[in-house]
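Structure record follows, encoded as structure tokens.
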Amino acid sequence: MDSTFRRIPDIPLQDLIDGLSLGNRAFLSRAITLVESKRDDDKIVSAELIDKVLKPDAKSLRIGITGVPGVGKSTFIEAFGRMLTGMGKKVAVLSIDPSSSRTKGSILGDKTRMEELSKDPNAYIRPSASGSSLGGVASSTRETIILCEAAGFDVIIIETVGVGQSETVVKDMVDYFLLLMLAGGGDELQGIKRGIMEMADHILINKADGNNLKAAKQAKEEYKNAIHLFPPNDANWTVPVGLCSATERTGIEEAWEEIQKYQQQTTGNGWFAKNRKRQLLKWFHERIHAKLEMDFYSRKDIKEKIKEREELISSQQISVRKAVDELFN
Ligand code: GDP
């Protein structure tokens, strides 16, 4: 059965909160399962849990990582995460996966790919939440971020699995958005849309090693020129273009230096806090929309009325406008 529908074993809320604040990973997993639950009774407890653990000024850093399948996201996160835990940081890795077709097998695959990190006592890897809507998955991921921060994780990495729709969602929940690219693929081939490049705070060309190094250096110059043509971003940040090799573990420290520079600069100019506030308000309004929609469509009388009007509209006996007005009257 899908884990999101599984009721977690009863545990007093205060015990869960205490376990979380001690950084206990088993309690963190239980808390995440609770916020992902679709059961009404779990939802009430989750709301209370989130409310109690919310830290107004969480000192964490939330980093989004995206790139086409095969670019090296897992390998990069393994290297990057290990470097951070080596510095004494606690790192959580979450993923957003909009496709429902993903099997349990590939989730396990991810775990074995980040083999060192998954065994690291200062790291926590959680496979993506499943759900019918991207909005729902996004919302539970945001709450999972809050739980990880409550458990003392200082760097939260959100990986997008699959390309296309999830990047915007991730961009709206992170402080920094890192785009991994490959040399020699061409933008079209890599399926990276210009819009995604414009969202990036950092472009990193991976697999800059062996025979590929020359092409990677060339790609770096091309991307540098390309981003010059983009409008300046709101954070007043010059997007760095760098090289790395996740397997050779080169360029990883330099990437972290850039990220710290960003954090310093945007904390200084107020953008960091402003961006988090903006994201919270956006989330609030998205949840209002989602709730209105769900409440509306789940009403029995509305379901019947919609069905009736669908027939009237199909046979052109009523206009769409009139049908909608009638539903709300
Ligand atoms: P993901 O699908 O983006 O998570 O990509 P993976 O991390 O699974 O990597 C895909 C493949 O590329 C694997 O076979 C990796 O070993 C390989 N790979 C990842 N990073 C590098 C790198 O820096 N250099 C080289 N040569 N291969 C890499």
*Extreme residue, farthest from the ligand (Cβ to nearest atom), among residues of the range 144-168 that are surrounded by 22 or more Cβ atoms within 10 Å (Cβ to Cβ) and under 12 Å from the mean Cα position of the chain (by Cα)*: Thr144
*Give the residues of the range 231-260 that are within 12 Å of Asp201 (Cα to Cα) and either more than 22 Å from the chain's Cα centre (by Cα) or among the hydrophobic types (A, V, I, L, M, F, W, C) (or both), sorted by residue number.*
Pro232, Ala235, Asn236, Trp237, Thr238, Val239, Val241, Gly242, Ala255, Ile259
*Return the total of residues in the range 39-70 being more than 18 Å from Ile259 (Cβ to Cβ) and either assigned to a loop (DSSP other than H, G, I, E, B) or within 16 Å of the ligand (Cβ to nearest atom) (or both).*
8
*Of the residues that make up the range 77-88, is at least one surrounded by fewer than 16 Cβ atoms within 10 Å (Cβ to Cβ) and either closer than 27 Å to Glu167 by Cα or at pLDDT below 95 (or both)?*
no
*Could you tell me which residue of the range 71-87 is farthest from the ligand (Cβ to nearest atom), considering only residues that are assigned to a helix (DSSP H, G or I) and closer than 12 Å to Leu179 by Cα?*
Phe76
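Every residue, every condition in (1) touching a strand residue (DSSP E or B) at 6+ places or on another chain (Cβ under 7 Å); (2) assigned by TED's automatic domain parsing to the domain that holds Glu48; (3) at positive phi; (4) at pLDDT 75 or above, yes or no:
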position: Gly105; (1), (2), (3), (4): no, no, no, no
position: Leu108; (1), (2), (3), (4): no, no, no, no
position: Leu117; (1), (2), (3), (4): yes, no, no, yes
position: Ala129; (1), (2), (3), (4): no, no, no, no
position: Ser132; (1), (2), (3), (4): no, no, no, no
position: Val137; (1), (2), (3), (4): yes, no, no, yes
position: Ile146; (1), (2), (3), (4): no, no, no, yes
position: Ala150; (1), (2), (3), (4): no, no, no, yes
*Here are Arg299, Arg278: which of them is closer than 30 Å to Val137 by Cα and within 24 Å of the chain's Cα centre (by Cα)?*
Arg278
*Please find, among Lys224, Lys207, the residue that is of a type in the set (D, E, K, R) and at pLDDT below 95.*
Lys224
*Could you tell me whether the range 4-21 includes any residue that is modelled with pLDDT under 90 and assigned to a helix (DSSP H, G or I)?*
yes
*asked:* Residues that are touching a residue at least 12 places away in the same chain (Cβ under 8 Å), open to solvent by 20 Å² or more (accessible area, probe 1.4 Å), of a type outside the set (D, E, K, R) and over 29 Å from Leu117 (Cα atoms): does the range 48-61 have at least one?
replied: no
*asked:* Checking the structure you have, find out if any residue of the range 288-295 is surrounded by 14 or more Cβ atoms within 10 Å (Cβ to Cβ) and more than 13 Å from Tyr176 (Cα to Cα).
replied: yes
_Against the definition (touching a Phe, Trp or Tyr at 6+ places or on another chain (Cβ under 7 Å), under 30 Å from Leu179 (Cβ atoms) and at pLDDT 90 or above), how does Val91 come out, yes or no?_
yes
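The values are calculated or read from the model by the stated rules, or taken from the named source; none is laboratory data. Keep in mind the model is a prediction, meaning the values are calculated, not measured. Glycine gets a Cβ as well: all are built from the backbone with ideal geometry, and neighbour counts include every protein chain shown. Ligands, DNA and RNA are stripped out before the accessible areas are found, and what is left, the full protein with its side chains, is counted by its heavy atoms. Shrake-Rupley method; radii C 1.70, N 1.55, O 1.52, S 1.80 Å.
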